[in-house]
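Structure record follows, encoded as structure tokens.
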Amino acid sequence: MLTRVFKAMILNSATYAEVADDNEATIDAAFLIIIYILAATIPNAVNATFSWVMIALTIPLALIEWLVFAGLTCVFAERLFHGEGTLPGNYRAMGFSVSPGIFYLLAAIPTAGICISGLLSLYIFVANIIAARAAMKVGTVGAIVSVLLASTVAGILLGCLAVPLILILGPENLINNLEQFR
């Protein structure tokens with residue numbers, strides 16, 4: 001697995017295609033999503049802008065977001081660009097595409113953290129495109145459009161799920177209720 005993770009980090013297209021075809025790599029992809037979300041949220045907890053309870057809640061949300069995003073990417077690639085990949089294969093490729101996210105731990109570095117986070121987000125976006133291109137067997141334009149559409153729709157859908165919770169509880173009450181579980 002580590003060899004594949006390293007190759008995914010250096011944006012090796014063949015690795016994304018290989019992972020997409022390997023039915024045994026699904027658990028590895030889910031594990032990488034969890035590592036990614038922990039690396040992205042721990043610096044916030046260290047800087048006291050996030051509680052550990054919030055971090056625990058982000059894990060299932062990140063897994064849901066992965067499934068929605070990869071599923072939508074697959075749908076857009078198939079319908080708009082005649083992609084020939086499979087949904088499970090796209091799940092695996094997208095899971096490996098966030099492997100550079102481990103470096104979000106560096107976001108805890110004062111001042112430099114913002115630059116690191118921005119560059120890393122762009123890098124992962126490019127990895128998503130390469131993964132979609134390899135897993136769905138579409139061209140670069142098809143992969144870019146599919147990833148952009150999927151991220152937009154997934155963001156709207158997941159945002160619509162979060163808004164009612166915040167409106168019902170109110171931002172302060174939501175945080176206070178979560179703090180009770182500490």
Long-range neighbours under 6 Å by Cβ, at least six apart or interchain, first residue among the charged types (D, E, K, R) within region 1-23, second surrounded by 14 or more Cβ atoms within 10 Å (Cβ to Cβ) | Arg4/Thr15; Lys7/Thr15
Which members of region 85-120 meet the condition of being surrounded by fewer than 22 Cβ atoms within 10 Å (Cβ to Cβ) and among the aromatic types (Phe, Trp, Tyr)?
-> Phe103
Condition test on Ala93, is it among the small types (Gly, Ala, Ser), in a helix (DSSP H, G or I) and under 17 Å from Thr15 (Cα atoms)?
-> yes
Among the listed residues Ile10, Ile59, Ile34, which satisfies the condition of being within 15 Å of the chain's Cα centre (by Cα), at pLDDT 90 or above and either surrounded by fewer than 16 Cβ atoms within 10 Å (Cβ to Cβ) or hydrophobic (A, V, I, L, M, F, W, C) (or both)?
-> Ile34
In region 129-178, which residues are modelled with pLDDT under 80 and not in a helix (DSSP H, G or I)?
-> Gly170
Condition set touching a Leu at 6+ places or on another chain (Cβ under 9 Å) and of a type outside the set (Phe, Trp, Tyr), scope region 79-95, selection farthest from Ile124 (Cα to Cα): answer is Leu80
Conditions (1) assigned to a helix (DSSP H, G or I); (2) at pLDDT 95 or above; (3) more than 16 Å from Ile37 (Cα to Cα) -> Leu119 fails only (2)
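The values are calculated or read from the model by the stated rules, or taken from the named source; none is laboratory data. It should be emphasised that the depicted structure is a prediction, and the values quoted were computed from it without experimental measurement. Cβ coordinates were reconstructed from backbone atoms using ideal geometry, including for glycine residues, and neighbour counts include every protein chain displayed.
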